[in-house]
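Here the structure is laid out as C-alpha cells; the discussion comes afterwards.
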Amino acid sequence: MKIGMLVAVEMDAVFKEYGDSLTRIEKPGYEIYHYKVDDADIYALSSGAGEIAAAAGTQLLITEFQVDVIVNFGVVGGLTPEMGVTRTCVVEKVVHYDFDTSPVDHCEVGRYLDYPEVYIPATPELVEKALRIEPTLKKVACASGDKFIADPEKKRALHEQFGADICEMEAAAIVLTCNRNQVPCLLLKTVSDSIHGGAEEFNRALDETAGICLKITERIIREGL
C-alpha cells in the first residue's frame, strides 16, 4: 500500500520518530520524505499551514505518487471543555467555516453545493476502522479555515454555530481534494490548545501533542489501515 501523509507544521515529529530511515524526494515547492511502516510505503509531505497549501500538497501526493489513501495527522484547537490538551480524535466530518457563497447561492455559510449540508464527510470506513483499532479516539466534527483561533469567545462561537469540536487550518482542503479524486482519507488530530488556550499554549504543547498523534497514526497504519 502507498500512503500519502499530509503534514502541515508537525514534520519535526516525523524527523524525531524516523530519523535516518527517511529518504528525501526532491519536488519543487515541497519537502517530501519516503519511509516504510511494515509493508506500507509512506510519502510524507510538509505543506505548511493553510487550506491552499494543503490542497496543493494533497493533490501532488495523489497525482505524483498515486497513493491509495491520504492520512493527515496534526494538532488542533479544542472548542469544548471536553477537548483538552493531548486529547486525540478522528475527524468524521469537516465544515469550511470561512467559505461563504450564501449571497449568490442562498445557502448556508460553509456549504459547498456538491454536498447536501455544510459538512464534508471524511471516509466513513476509515473512521470506523480507526475507532476499532484505537477505541480511545473521539469521533469529531472539525471547523477548518485559514485562521488560527486563539480567542475563547471565537472558539465558543464556532462550536455554537457549527457544532464543531475542534478547529484547525487544513482539514477542509484535504477532505475536499480527496473526495474529488475518490481517494480515501483519514484525519487524526491531537488538541494542542484548549478552549481557553491560545498561541502560548499551542507553542508549549506542539511537540508533545504532535508526537502523540503520530504514534497513534502509526499504530493504526500497522494494524490494518
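The values are calculated or read from the model by the stated rules, or taken from the named source; none is laboratory data. Please read all numbers here as calculations on a predicted model, not as lab measurements. No Cβ is skipped: glycine too gets one built from the backbone with ideal geometry, and neighbour counts run over all protein chains shown. Note: accessible area is taken over every heavy atom of the protein model, side chains too, but ligands, DNA and RNA are not part of it. Shrake-Rupley method; radii C 1.70, N 1.55, O 1.52, S 1.80 Å.
Checking the structure you have, find out if any residue of region 25-42 is in contact with a Lys or Arg (Cβ under 7 Å, 6 or more places away or on another chain), surrounded by fewer than 23 Cβ atoms within 10 Å (Cβ to Cβ), of a type outside the set (Gly, Ala, Ser) and on the phi > 0 side of the Ramachandran plot.
Yes, region 25-42 contains at least one residue that is in contact with a Lys or Arg (Cβ under 7 Å, 6 or more places away or on another chain), surrounded by fewer than 23 Cβ atoms within 10 Å (Cβ to Cβ), of a type outside the set (Gly, Ala, Ser) and on the phi > 0 side of the Ramachandran plot.
Could you go through region 88-109 and let me know if any residue there is of a type in the set (A, V, I, L, M), in contact with an Asp or Glu (Cβ under 6 Å, 6 or more places away or on another chain) and open to solvent by 10 Å² or more (accessible area, probe 1.4 Å).
Yes, because at least one residue in region 88-109 is of a type in the set (A, V, I, L, M), in contact with an Asp or Glu (Cβ under 6 Å, 6 or more places away or on another chain) and open to solvent by 10 Å² or more (accessible area, probe 1.4 Å).
Can you tell me how many residues in region 7-49 are closer than 18 Å to Glu64 by Cβ and among the aromatic types (Phe, Trp, Tyr)?
Qualifying residue count, region 7-49: 4.
Scan region 72-81 for residues that are in contact with a strand residue (DSSP E or B) (Cβ under 8 Å, 6 or more places away or on another chain) and either open to solvent by 10 Å² or more (accessible area, probe 1.4 Å) or within 18 Å of Pro135 (Cα to Cα) (or both) and jot them down. Reasoning before the result, please.
Start the filter on region 72-81 by keeping residues that are in contact with a strand residue (DSSP E or B) (Cβ under 8 Å, 6 or more places away or on another chain), which leaves 72-79.
Within region 72-81, Phe73, Val75 qualify.
Could we say that Leu22 is open to solvent by less than 10 Å² (accessible area, probe 1.4 Å), touching a strand residue (DSSP E or B) at 6+ places or on another chain (Cβ under 9 Å) and without any contact (Cβ under 8 Å) to a residue 60 or more places away in the chain here? Write out each step before concluding.
Working: open to solvent by less than 10 Å² (accessible area, probe 1.4 Å): no; touching a strand residue (DSSP E or B) at 6+ places or on another chain (Cβ under 9 Å): yes; without any contact (Cβ under 8 Å) to a residue 60 or more places away in the chain: yes.
So Leu22 fails the test.
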